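S.K.: Here it is, the structure in full.
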Amino acid sequence: MSQPENKQPKPLKEVLGLKYVFGFRGDIKNSILQGTQTNVQEKSTKTKFIYPAANNIVIFDPIADKNKSQEIIQTVLGSKGVTCLTISPSRRYIAWSEESDAGIIVILDLNTRKTKILSTTDCKSRYYVSLDFSRTEESKYLVALSAPPEQMLIHWAWDKSKCLGSTIINAKGDSIKFHQVFYHPKEDDFVCVMGNGAIKPYKLIPDNPPKPKDSPFQKKKEETHSTNFLSYCILSDSKTMVVGTDRGEVLYFNENCEFKLVLSPLQNSNQQSIEGFPIECIVKYSNGFIVGGKNMKVILKIPMFELIKEYKTNKQWPKLQVYALQIKRDNLIFGVESGQVFSIPFSADREHHSTSGPITGLDVCTRKSLVVTVSDDRSIRIWNFNELILEVMKECEDTPLAVAIHPSGFHLIVSFSDKIVLYNLFEKDLNSFKEIHIKNCQQIKFAHGGHLFAVANQNLVQIYQFYTGENPQNYIFKQSTGNISTIEWDIDDLGFYTGSDNGFVLYWRLEDNQNKLQLAMIQSQPIECICTPKTYANIELQKVYIAGPYDGQYCIYESQHHTKIHKEATEGTKKEIPLYPIQTGCRVSKMAIFNSEKIMLFATCQLANSSEFTQKQNIKNMKFEPGGLRFAKYPLAPEEIIEIQPHIKGITQMKVSYDDSYVFTASYDNSLIIYDVKDQSSKIEFKDGGQAYGVQAYADEFLMQRDQYKKKIAKIEDLKQKIKEHDINQKIKQNMYTKEKDELIRKLEEQIDQLEKREKAKIQELENTINKLDSDFKEEKKQLYENHEKNKKTTENDFKQKMALESQRLEELTKEKQLKLQEFQRYIKEQKDKSTETKNEKKREYEKQLKKEQELYEQLQRDKEENQRRFIEERNKLEDDAEKEIDKKKEINEAEMKKLSDELDKAELEKRTKKTEFDNVQSTLEQANSKVKEIMEDIAQNQELNRQYQKEKESHDKEIKERDKTIQDKQKRIYELKKKTQELEKFKFVLDYKIKELKRDIGPREEEITKMKEQITNMNTEILHFKKVNANLGLIVTDLNLRQAGMKQEIENQQQVIESNSQYIKAFEYDISETHAHISDFKRLKSDMLKLFNKYVQSVVSKKKFENVDVQKEFIKERAHLETTNKGLKEKFSKKLRVHKQDNNRIMSQNVDLISEINDLRREIKLLQDEEDLKRRQIEQMNDQPEERELDQMIEEQEIEINQFREKLQFLKEAVQQRRLQQNIGSDSDHQEFQQE
């Protein structure tokens, strides 16, 4: 054999990598999660499912991922598997717990693939049962619930790996066991724990232990629902929550985790209620939710529409329960207790293939990429490890015990409890063709060539010829003691090794079934497995590796023996074969050596309590250490062994593919794991011929039954015949089609010829017409040229005559212009003189009026100050008078109270004589109480009126303040306008070219002046009117102030009356309580009642009747008077407000008119400036003429006239200022009126 080419080997850690896991952890609730992975560079997001399988976390999308590539995350080495897992609200972070000495929490970021491990000494249990991320700050906080018996609630700041606080929520003796913890959907400091019997809310405090928030939710006596809470779900509104129980009830909780009601019971598709349906998991969906539970039922419930729909798998497994639910693309994915995953598109079911029981047998095919497994779920499964699919699955009536596949991949042998069955492996099915009646066969092994297979039957090994099914007598090998536990064929298929449960390892040759070679005898302990390399160490020696115990410790023994059995063994003499033990520290269940003889593998299967393991024990009740896969370089060096722990339970089977590319392990945790050998130097390399080391490339052939083969051949012949007929028909159709097209081509060619002839005739006709038109055009052109020459001469003569006439006319016009200019200058001088005279007169009148208005304004301010001073003095006097009157009334009331007390003392003697009038006294007392109530109501009404008046006063004060603000704003506006007028004075007013228009505007300007005078007179009359109104309002304000003082006095009097009445009532209540204390003593009670009667009834009632009646009448009169006065005041006030608003609106409109006039004046100024520029340009042009002196005189006259217009504009500005002052005086008068009010 030729050796492979040397390649650089990889480090031993990188030799093996997990490729694919067939399996699911069905013992963890809510373990199927849906996460999102974002790629920042590609700007894409992918949704994938996360679930635990064996001792790993698998990230995989079975629906969308066509390549079926899994990302497998291994647990921390030394931990004992995943116990719970959860995902953050944004689906970015995953957290899971692993069992260890102090409990481990691992957090994974799906985007960056960074992990963080949390652990604390506060946790007193080995693992956690529930985890949850914060709803708003998922990248910082996490809450965890530890396992029984002493459960703890731990608050983590996981970004800092810090424990913020922990508390014990369940002591060792408590019957309530909690199994869920979750954050409130809106509050990060609100956490709930849920379990069998209660739901407890807790408040999270940083750096402090969590504290119970409210009393825990427990079942009340009148409620009938179950308290075994199994699952929960926060609905899509992120406020409400539903909880499932073990009796199929769905409890509805509000956002404060308060129980509200039990929703309508779950029903199946026939609208029948489902009883005893434990709800193991709940997932929100649209406006409702989906529940899963017993018998693999999944029920969709939408409470708003009362829509209930039941989904159930096609397979009838009544014992299985749904433990995990997830939804993607209208597909429902759920995992069941047996460790299988199903995908339901709400119609049909599809299984994500995995076994539902411990895998007890495994074998790999040599020529095909097939792996066969058998498990306790009575199934035989054949997997394609290249395409990662399940090709064939067959369910049996009995549980299979062992399996072996033929090297060709066409046949299969399976052992059951009562027989061995041989199967033919077809494309999608298994058909049995022979049965061998051997009971409880645990070991079946094909020879390397496939022509023989070995069967272990207690202490016998029977070798069968596979193709004939015969078992010759010389192929029966019997061991003296012990049952055979393992079989391993020799390389040449001429011998085999057996290991027994009593510690014997024997080597047998097929040519002699009587002679055997004893390789080892290990302290009467069971031999676990035997392994041999695929090549001999030399021609006569062969290495053997044996797994078994040694001095109470588990070891691997390395041994060598001769390939031929010595004669000394046949004669009965023993020759000791040396053994070299290598300690492993745990039980090795399987061993394997690569065909390249570069890597050696060990699989471990160890119980947690280190007790001895037997196949007869119940696997479900046993606790295993995590199944480890160890590998090392071959030849074996104990110092360089690396271990990974892919399984949660012990590994039962292990195989290596015949090209050393894959390793397969099966376990009691119902999972099959495929490992990829990444180191190419450790594999066997194929040559161009397809062979190397005797191993062939994988074949694609498969078996087919003869009937099916004949049917396929018949179908193929039919199809070939149909193809021939189809070809003939196509040829015929093609010929017909070509003929039709040829005819069409011929017809089209004829049509084209005819069209060409017609077009040629048309072209000739057009050429003739063009020639005619050319000749006509030339003749017309000559005639037009001659006419043009004639017209040109006549127009030139006419133009010369017109120019001479126009020059004469221009001279005449210039003479007229000079005359008009002289007349215009005279007219301007006259107008300037007139305007200066009028302007001076108006200035004088305006100054006189201004002085008068200023004097009036100063006088009004003085009057205002005096009125304010008088008002303050009068108010102080009224307050002093009121205080004096209050003191007088207090003295009078005290004197009256003394008199009343004397009269009551006298009345006590009279009360003893009147016994029969006790009933009448009670009636009179009730009447008195009713009257007191009426008085109290009147007082309350008066107080309300007083409050209303106070509110009105406050509103008036606010209005006065607002008016003050408006006055200040107006003053600021006036100041700004003054500044603007000053800026206007700086402009130059040149009005040379506007003289004619100004003559026309003199008349309208005078009319405007008269109008302004009329407005000034009107403003003066309005000022007088406002003064009168101000005086009237001042009187009204004083009247109102006096009335207000009177009301205050009346209110104080009423308060005194109320206080006296309350004291009277308190005294009466006190006396009644004293009499009630002696209710047991009749005589004392009688005497006390007489005292009460004499004190409060006999002498006072008659007087009070009349007094109360008079007081009530007076109150009614005063109330009516006050109401009338209040109405009158309100009407007056509303009238005054209307008048004030009208005046204010009128003033504002006048303001607007003034502003518009100012804007018009500005526009005129601008126009005049533009005209002045034009005039200057004209003057510059005229300076070139000889009449420069006359123009200079005209310019001087125009400048004089401009100065006059400036004075006129100044007069208009002063008029505007006068109007503003009048407005200010009006606003001041308004302000005084409101102050007086």
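S.K.: Condition check: exposed (fewer than 11 other Cβ atoms within 10 Å of the Cβ), modelled with pLDDT under 80 and either touching a helix residue (DSSP H, G or I) at 6+ places or on another chain (Cβ under 7 Å) or not polar (S, T, N, Q) (or both). Does Lys842 satisfy that? Give the steps one after another, and end with the answer.
M.R.: Numbers: exposed (fewer than 11 other Cβ atoms within 10 Å of the Cβ): no; modelled with pLDDT under 80: yes; either touching a helix residue (DSSP H, G or I) at 6+ places or on another chain (Cβ under 7 Å) or not polar (S, T, N, Q) (or both): yes.
Spelling it out, it is not the case that Lys842 is exposed (fewer than 11 other Cβ atoms within 10 Å of the Cβ), modelled with pLDDT under 80 and either touching a helix residue (DSSP H, G or I) at 6+ places or on another chain (Cβ under 7 Å) or not polar (S, T, N, Q) (or both).
S.K.: Right, here's the next one. Taking into account only those residues within segment 808-839 that are hydrophobic (A, V, I, L, M, F, W, C) and within 18 Å of Glu1197 (Cα to Cα), which is surrounded by the most Cβ atoms within 10 Å (Cβ to Cβ)?
M.R.: Kept after step one, since they are hydrophobic (A, V, I, L, M, F, W, C), are these residues of segment 808-839: 810, 813, 819, 821, 824, 828.
If we keep only those that are within 18 Å of Glu1197 (Cα to Cα) as well, we get 819, 821, 824, 828.
Details: Leu819: 9, Leu821: 14, Phe824: 14, Ile828: 21.
Across segment 808-839, the extreme among qualifying residues is Ile828.
S.K.: Which condition from (1) in a loop (DSSP other than H, G, I, E, B); (2) surrounded by 17 or more Cβ atoms within 10 Å (Cβ to Cβ); (3) touching a Leu at 6+ places or on another chain (Cβ under 8 Å) is the one that Tyr497 breaks?
M.R.: If we test Tyr497 against (1) in a loop (DSSP other than H, G, I, E, B); (2) surrounded by 17 or more Cβ atoms within 10 Å (Cβ to Cβ); (3) touching a Leu at 6+ places or on another chain (Cβ under 8 Å), just (1) comes out false.
S.K.: Would segment 469-482 turn up any residue that is out of contact with any strand residue (DSSP E or B) (no Cβ under 6 Å at 6 or more places or on another chain), at pLDDT 85 or above, closer than 22 Å to Val421 by Cβ and surrounded by fewer than 20 Cβ atoms within 10 Å (Cβ to Cβ)?
M.R.: Yes, some residue in segment 469-482 is out of contact with any strand residue (DSSP E or B) (no Cβ under 6 Å at 6 or more places or on another chain), at pLDDT 85 or above, closer than 22 Å to Val421 by Cβ and surrounded by fewer than 20 Cβ atoms within 10 Å (Cβ to Cβ).
S.K.: OK, next. Name the pairs whose Cβ atoms lie under 7 Å apart, with the first residue in segment 1043-1054 and free of Cβ contacts under 8 Å to residues at least 60 places away in the same chain and in the same structural domain as Lys953 (by TED's automatic domain parsing), the second in a helix (DSSP H, G or I) and polar (S, T, N, Q), and 6 or more positions between them or separate chains?
M.R.: none
Table: residues versus (1) farther than 24 Å from Tyr554 by Cα; (2) within 60 Å of the chain's Cα centre (by Cα); (3) surrounded by 17 or more Cβ atoms within 10 Å (Cβ to Cβ).
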position	(1), (2), (3)
His437	yes, no, no
Gly449	yes, no, no
Asn502	no, no, yes
Gln518	no, no, no
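S.K.: Something else about it: Among the numbered criteria (1) loosely packed, with under 15 Cβ neighbours inside 10 Å; (2) at pLDDT below 75; (3) outside the structural domain of Asn1020 (by TED's automatic domain parsing), which one does Ala907 miss?
M.R.: Exception for Ala907: condition (1).
S.K.: Restrict the check to segment 578-588 and report whether at least one residue is surrounded by 14 or more Cβ atoms within 10 Å (Cβ to Cβ), over 60 Å from the mean Cα position of the chain (by Cα), in a strand (DSSP E or B) and modelled with pLDDT under 80. Show your work before the answer.
M.R.: Residues of segment 578-588 surrounded by 14 or more Cβ atoms within 10 Å (Cβ to Cβ): 579, 581-582, 584, 586-588.
Subsequent filtering for residues that are over 60 Å from the mean Cα position of the chain (by Cα) retains 579, 581.
Cutting the leftovers down to in a strand (DSSP E or B) gives us 581.
From the residues that got through so far, the ones that are modelled with pLDDT under 80 too are 581.
Yes, that holds for at least one residue.
S.K.: Just to be sure before I move on: is Ile234 under 14 Å from Leu251 (Cβ atoms) and modelled with pLDDT under 85 in the structure I sent? Spell out the reasoning first.
M.R.: Working: under 14 Å from Leu251 (Cβ atoms): yes; modelled with pLDDT under 85: yes.
Criteria met by Ile234.
S.K.: Condition (residue is of a type in the set (A, V, I, L, M, F, W, C), part of a helix (DSSP H, G or I) and modelled with pLDDT of 85 or more) applied to segment 795-807: is it met by at least one residue?
M.R.: no
S.K.: Return yes or no: is Asp753 part of a helix (DSSP H, G or I) and at pLDDT below 85?
M.R.: no
S.K.: Here's a check for you: in segment 153-192, which residue that is of a type in the set (A, V, I, L, M, F, W, C) and not in a strand (DSSP E or B) is nearest to the chain's Cα centre (by Cα)?
M.R.: Just the residues of segment 153-192 that are of a type in the set (A, V, I, L, M, F, W, C), to begin with: 153-154, 156-158, 163-164, 168-169, 171, 176, 178, 181-182, 190-192.
Filter once more, so that each one left must be not in a strand (DSSP E or B): 158, 171, 176.
Working: Trp158: 22, Ala171: 37, Ile176: 34 Å.
The residue in question is Trp158.
S.K.: While we're here: Applying the selection to segment 235-255, what residues are aliphatic (A, V, I, L, M) and part of a strand (DSSP E or B)?
M.R.: Narrowing segment 235-255 to residues aliphatic (A, V, I, L, M): 235, 241-243, 250-251.
Correct list: Met241, Val242, Val243, Val250, Leu251.
S.K.: Tell me, yes or no, whether segment 712-724 has at least one residue that is under 30 Å from Cys365 (Cα atoms), part of a helix (DSSP H, G or I), basic (Lys, Arg) and under 60 Å from the mean Cα position of the chain (by Cα).
M.R.: yes
S.K.: On to the next question. Looking at this structure, is Phe277 farther than 28 Å from Pro89 by Cβ, touching a strand residue (DSSP E or B) at 6+ places or on another chain (Cβ under 9 Å) and at pLDDT 70 or above? First the steps, then the outcome.
M.R.: Numbers: farther than 28 Å from Pro89 by Cβ: yes; touching a strand residue (DSSP E or B) at 6+ places or on another chain (Cβ under 9 Å): yes; at pLDDT 70 or above: yes.
For Phe277, the condition - farther than 28 Å from Pro89 by Cβ, touching a strand residue (DSSP E or B) at 6+ places or on another chain (Cβ under 9 Å) and at pLDDT 70 or above - is met.
S.K.: Would you mind listing the strands (runs of 3 or more DSSP E) fully within segment 370-479 where at least 2 residues are within 30 Å of Pro62 (Cα to Cα), without any contact (Cβ under 8 Å) to a residue 40 or more places away in the chain and in the same structural domain as Cys531 (by TED's automatic domain parsing)?
M.R.: 379-384, 389-395
S.K.: Check whether at least one residue in segment 100-113 is surrounded by 15 or more Cβ atoms within 10 Å (Cβ to Cβ) and hydroxyl-bearing (Ser, Thr, Tyr), and report yes or no.
M.R.: Checking segment 100-113: at least one residue is surrounded by 15 or more Cβ atoms within 10 Å (Cβ to Cβ) and hydroxyl-bearing (Ser, Thr, Tyr).
The values are calculated or read from the model by the stated rules, or taken from the named source; none is laboratory data. None of these values were measured; they are calculated from a predicted model. Note that each Cβ is placed from the backbone with ideal geometry, even for glycine, and that neighbours are counted across all protein chains shown.
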